[in-house]
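Down below is the structure, laid out as structure tokens.
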Amino acid sequence: MTIVAADGKSREMVCLPLRKLAGWLQTISPNKVKPEICGKVIQYQNECDDVLYEYWTKGVVVNPRKASVMEELNQACADMKRDKGIASLFGTGLNEWKTVKAAHVSKIRSLVNEANMLIGFVLADTGKGKITKT
């Protein structure tokens with residue numbers, strides 16, 4: 001692909017669709033990278049192997065590093081309760097609470113929507129819900 005750089009000159013650029021990036025990274029030889037990142041390349045490639053194996057043998061893959069939506073929702077509610085308690089202890093904190101509360105409410109709504117969407121997909125997968133996946 002040819003692009004025009006900031007200096008007005010045309011330059012050739014290679015582009016890779018983002019969905020292809022993981023596959024391309026699998027082709028990197030750990031022996032041909034700097035020693036300080038060799039372990040990370042091997043770790044990444046092993047994790048990719050595990051993910052593909054889980055997907056093809058079980059049909060689903062869960063990232064163990066990501067907290068579940070319900071855990072995040074519980075934490076967000078606890079954070080809001082904590083901040084509200086702090087604000088009520090100090091009269092000067094009540095004005096700040098108005099701003100903080102809006103951020104908490106927004107995060108909680110987002111997590112509730114995400115949880116509802118996941119529940120809908122689970123119900124659709126089990127045949128008990130009205131939502132269908134396309």
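The values are calculated or read from the model by the stated rules, or taken from the named source; none is laboratory data. Quick caveat, the model's predicted, so the values are computed rather than measured. FYI the Cβ positions are ideal-geometry reconstructions off the backbone, even for glycines, and counts take in every protein chain you see.
Data for the structure
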| item | result |
| --- | --- |
| Of residues in segment 55-82 being over 26 Å from Ser106 (Cα atoms) and within 19 Å of the chain's Cα centre (by Cα), the one surrounded by the fewest Cβ atoms within 10 Å (Cβ to Cβ) | Val60 |
| Residue match in segment 91-101 (condition: exposed (fewer than 10 other Cβ atoms within 10 Å of the Cβ), at pLDDT below 90, at negative phi and not assigned by TED's automatic domain parsing to the domain that holds Asn116) | no |
| Residue match in segment 70-83 (condition: closer than 30 Å to Leu118 by Cα and touching a residue at least 40 places away in the same chain (Cβ under 8 Å)) | yes |
| Of residues in segment 43-54 being in contact (Cβ under 8 Å) with a residue 12 or more places away in the chain and of a type outside the set (Phe, Trp, Tyr), the one nearest to Ser106 (Cα to Cα) | Cys48 |
| Ile28, sole failed condition from (1) modelled with pLDDT under 80; (2) over 23 Å from the mean Cα position of the chain (by Cα); (3) among the hydrophobic types (A, V, I, L, M, F, W, C) | (1) |
| Subset of segment 1-22 (residues that are under 21 Å from the mean Cα position of the chain (by Cα) and either basic (Lys, Arg) or modelled with pLDDT of 90 or more (or both)) | Arg19, Lys20 |
| Residue check for Ile86: surrounded by 11 or more Cβ atoms within 10 Å (Cβ to Cβ), of a type in the set (A, V, I, L, M) and touching a Gly at 6+ places or on another chain (Cβ under 7 Å) | yes |
